[in-house]
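Beneath this line is the structure, given in structure tokens, with notes to follow.
The values are calculated or read from the model by the stated rules, or taken from the named source; none is laboratory data. Computed from a prediction, not measured in an experiment: that's the story for all the values here. Cβ sites come from the backbone with ideal geometry, for glycine too, and all protein chains shown count toward neighbours.
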Amino acid sequence: MQDWARPHTIRQWLKRLFGLQAIVCGLLVVLLAVSELRFDWVEKAVGTYLATTNDQRPKIGAIWEKGRQATTARQALEQIVTDRQANQRDAQEATTFKQLADRMPDGQTTMLSPDQFKRLYLKLPVEIAREIASPFELLSLFSQTAWDRTYFEKNDGELNIYLLDAENRVLKQMVITPELLLTMDRQNVLTAATLSDLPQFKNRIYPGDRFFAILADLPADIRKGVLPNPERLLAQPGQIRRVGISDEATSGFIELGFEISDGTRQEVVRFQGQEWAVWQIRSILEGKPRTTGSLSDFFRDLRLR
């Protein structure tokens, strides 16, 4: 039976220290320590226990917070890359500058090749294209082979365009205002209706024959300002019965509507004319004094009515 009493002599102390039970306990402790150093079973057991209780423990602390931040940043980066790729595809599929601007949210940017820019530029009416950039200047940039890519940026509805070389130097900067984008959208619109159905032409509808008789007698610069591309109108099938002039000017342009009848249906083709030139012909149609031309020219125009 184990003697649990406190030893009182050195002999009792030595007997207690070198007894069988003490030696066995010491050997067990040494074996446990050696096995732990060799096989790390304590760490593995603790790790297994923590792994099984991981879902129940609160996710707090610096490590958890860094992990959340890293996950959030990775998801945000993936979304940015996905959005940029989608915007790039939309930009490349756009057929007009107006369509390109509509597909770009404010603050977004995109990149096109010079050939893609040229494709959009050549689809513009001549008078609008020249407001954006001179074709001679673009020809010069193409001939120098310095133009590497075209950078688009949309801010407050405005489309900023930068022609860049291979080292990101700006060769030319252009701006397409929201008003000019709206003018592009309204250019040469065909509507199955009559002028009386379109409110913008109310009380400003004139006989087609009278309109064109006056237009033919005006100076060439005014004729070109009123109708920059008469061939497009001439190509429309049918007879032009009436002409309407809008009372609203947008970015220096006024909308004109030409009512065409082919005997079975009526349609309205809408063009954009320059404000100063349209006012000249409208003043004659309504009998108002003109701001350009001589007095004899004005009375000659009156006799046409």
Within the range 260-270, restricting attention to residues that are in contact with a Gly (Cβ under 7 Å, 6 or more places away or on another chain) and not β-branched (Val, Ile, Thr), which residue is farthest from Pro199 (Cα to Cα)? Asp262
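Could you pull out the residue among Thr145, Thr150 that is out of contact with any Cys (no Cβ under 9 Å at 6 or more places or on another chain) and within 20 Å of Leu180 (Cβ to Cβ)? So that I can check it myself, show each step before the final result.
Values: Thr145 fails: within 20 Å of Leu180 (Cβ to Cβ).
Result: Thr150 is the single residue among Thr145, Thr150 that is out of contact with any Cys (no Cβ under 9 Å at 6 or more places or on another chain) and within 20 Å of Leu180 (Cβ to Cβ).
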Filter result for Gln85 (under 30 Å from Thr177 (Cα atoms), touching a helix residue (DSSP H, G or I) at 6+ places or on another chain (Cβ under 8 Å), modelled with pLDDT under 75 and not charged (D, E, K, R)): no
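Any chance you could count how many residues in the range 264-278 are in a helix (DSSP H, G or I) and either of a type in the set (D, E, K, R) or without any contact (Cβ under 8 Å) to a residue 24 or more places away in the chain (or both)? Don't jump to the end; show me each part of the working.
From the range 264-278, those in a helix (DSSP H, G or I) are 275-278; that's our starting set.
Subset that is either of a type in the set (D, E, K, R) or without any contact (Cβ under 8 Å) to a residue 24 or more places away in the chain (or both): 275.
Result for the range 264-278: 1.
Each row is one residue, and each column tells you yes or no for (1) in the same structural domain as Lys224 (by TED's automatic domain parsing); (2) surrounded by 15 or more Cβ atoms within 10 Å (Cβ to Cβ); (3) of a type in the set (A, V, I, L, M, F, W, C); (4) in contact with a helix residue (DSSP H, G or I) (Cβ under 6 Å, 6 or more places away or on another chain).
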residue	(1), (2), (3), (4)
Thr110	no, yes, no, yes
Pro135	no, no, no, no
Asn155	no, no, no, no
Leu164	no, yes, yes, no
